[in-house]
Structures are given as C-alpha cells and as structure tokens.
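Just below is one structure, and these are the notes that go with it.
Any read-out appearing in this document is the output of simple, stated calculations on the displayed coordinates, not a laboratory observation. Please read all numbers here as calculations on a predicted model, not as lab measurements. For neighbour counting, all protein chains shown are included, and Cβ atoms are generated from backbone atoms with ideal geometry for every residue, glycine included.
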Amino acid sequence: MYVLTGVTKRYTRGKDTVHALDGVDLTIADGDRLVIQGPTGGGKSTLLQMLGGLDKPSAGSVELDGTDLAGLSEARLTRVRSESIGFVFQSFNLIPTLSAQENVETALVPLGVKAGERRRRAAEALESLGLGERLGHLPAELSGGQQQRVAIARALVKRPKVLLADEPTGNLDESTRDEIMGVLEGLWKEHGLTFVMVTHDSTLARKASRVATIRKGRITVKENAGA
C-alpha cells in the first residue's frame, strides 16, 4: 500500500519557484488501479516519479508498505525499484542494440539472477505476451505495439507488486492502444498488481476504478462507479 502525506515538490526556475506538487495526500491500496490525469505541467509525471522512487519530495513522505521512500539511501532505493516496481514508458526505452530477449533480461541483472535463469524467465515473459517468435529481434525490427509488449515484459519479468505506466499508449494508434491496454488490464487482474497509469486519454480513464486529477500541484480523486 502507498500512503502519501503532504507531498510537495518545488523547482526553482530563475527567480520563480514552481510547485509541481503542493501538499498531496493520497492512499493507493494493494491491487488498486488508479489513473492520473491533468493538464500538461500539472504534476502528473512528477507524482508518478515519486511513487517509483525516481525522485524525492521537497517535503512530505511517500510510504510503500510502511517504508518512506524519501528517507532511503540511493542504494536501498535502487533495490526497492529493482525488486518491487515495474515501469512502462511512452517511448518504450528499449536498448536498440539488444534483442527483445536481452532487453527483458536487463531487468533481472540488478537482482543477481544468473544468466541461464535470466534467459529462461525473459523468454517465458515474452512468450506470455505473444512474442515467442520475436526473441532475437532488435527493437527496430518490431512494430510499436510489439516494442511496448517487450517493455511490459521487461517491467513484469522481475515479478513486481507495483506497475507504473507513464502514457504507455501515447505513441500508438487507436487499435494498438486498445490491444496494449487489454494486455495491461489482463496482467493487473492476473497478478494482483497495484497499477497506476498517467494518461491524457479520457477513454482509458473512464475504465479505471479511481481517477486522480492533478492541477497546479493539487490532487482530487474520484471513484468511477461504472468501472
């Protein structure tokens, strides 16, 4: 479970101070599916970075299972990210010189998984996402939808409890968007993941059980009764 209390993030731009997050209080239960929306520059990605331990607040606490991520050393924070949190990004972030299988294996290296086991688990993850015949393909040899499936496999191969997605369908056409969202929703249900996604797409937001809207660093959360 995430518990965010008074989370504030300030940036200095010249003489101005920008409050990307301004006293955010938020609870995300285990197994929850939360969509984050809001205008550009409103603090959506900053909030996701806090949840993922990619950035630390200027004030407040970000607790994951009772541990304040903001108070951890960089070494311990890296360990938490490696073990417990999977990330999926809009731009896929695949290494162009590595095959699909090798890209997925990179998530297991920080965990000290031996080479043979890395190969086995990476192949198994890709096969479960319909890419069993694409293990040796480079990212440039895959479609956008296939590249995002590789990125999802990389996020999930380490068996995290949290999946954070930042505009995961932003670079995809409508048909592929629906395909990828079907994959993500299926994995959320199958693995009992805590799933938090930033998106501008209102169609996707309407399907979530909860929607958090951030404007000027302030957050409001509503329940979707029909989701």
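Before moving on, here are some points about what is shown:
- Filter on Lys56/Lys158; Lys56/Lys189; Lys158/Lys207; Lys161/Lys189; Lys44/Lys207; Lys56/Lys207 - keep pairs with C-alpha separation over 20 Å: Lys56/Lys158; Lys56/Lys189; Lys158/Lys207; Lys56/Lys207
- Ratio Rg/Rh [Cα only; Rh per Kirkwood] for the range 123-191: 0.93
- Against the chain, whose longest principal axis comes from its Cα atoms, helix 144-156 is set at around 80 degrees.
- For the chain, convex hull of alpha carbons as volume per residue, Å³: 131
- Here the Karplus relation 6.51 cos²θ - 1.76 cosθ + 1.60, evaluated at θ = phi - 60°, turns the backbone of the range 22-35 into coupling constants of 9, x, 7, 10, 7, 10, 10, 6, 4, x, 6, 10, 10, 9 Hz, with x for every Gly and Pro.
- With Cα atoms as the point set, the range 105-227 shows a radius of gyration and Dmax of 16.0, 48 Å.
- On Cα atoms only, tilt of 115-128 relative to the major axis of the chain in degrees: 80
- Rounded if a/c under 1.5, otherwise prolate or oblate - the range 166-227, Cα gyration tensor axes: oblate
- A cut-off under 10 angstrom between Cβ atoms defines the neighbours of Val157, and their net charge, with Lys, Arg +1 and Asp, Glu -1, is +3.
- Structural size metrics of the range 88-165, computed from C-alpha coordinates, are Rg and Dmax of 11.2, 31 Å.
- Beta bridges per DSSP with both ends in the chain, % antiparallel, nearest 5: 55
- Cα long-axis angle, helix 74-84 against the chain (0 to 90 degrees, to the nearest 10): 60
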